[in-house]
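The values are calculated or read from the model by the stated rules, or taken from the named source; none is laboratory data. These numbers come from a predicted model, not from an experiment. So basically every Cβ, Gly included, is an ideal-geometry build from the backbone, and we count neighbours across all protein chains shown. Accessible surface is based on the protein model in full, side chains and every heavy atom, while ligands, DNA and RNA are left aside. Shrake-Rupley method; radii C 1.70, N 1.55, O 1.52, S 1.80 Å.
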Amino acid sequence: MSFFGNLYKEDLPPRAKTLYMYLKDRANKNGECWPAIKTIAKDTSMSVSTVKRAMADLIKAGFLKKESSFRDNGGQTSNRYLIKKI
């Protein structure tokens, strides 16, 4: 079976599968990555809204965890995404 074999079996929309593979490719050895949503949208040829829907799909299905990050002054910075193992 291929690396993403279990992902293919899941009842997820194509946008979510594309996003999972993109994030997995960008993640470090701990499964963490910090790309901006606009960067993801540009790199995957999806709209920002579609990326947000795909993230919601993955979070709901348990494939992704999203953690908000903040600067010392309270401003938000890039979110941290933690890829769950398949």
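The modelled label-to-label distance for the pair residue 8/residue 52, using points 7 Å beyond Cα in the direction of Cβ, is 3.3 nm.
Accessible surface computed residue by residue for the chain, with neighbouring protein chains in place and a 1.4 Å probe, gives 64 Å² per residue.
Taking the protein heavy atoms of the chain in the context of the full set of protein chains, the accessible area attributed to carbon and sulfur is 48 percent at 1.4 Å.
Close Lys pairs in the chain, defined as Cα atoms under 14 Å apart and 8 or more places apart or on different chains, number 20.
Global dimensions of the chain from alpha-carbon coordinates: Rg and Dmax equal 13.0, 48 Å.
In percent, rounded to a whole number, the relative contact order of the chain is 32, using alpha-carbon pairs under 8 Å and six or more apart. In a simple Cβ point-charge model (Lys, Arg +1; Asp, Glu -1; nothing else charged), the chain has a dipole of about 20 debye relative to its Cα centre.
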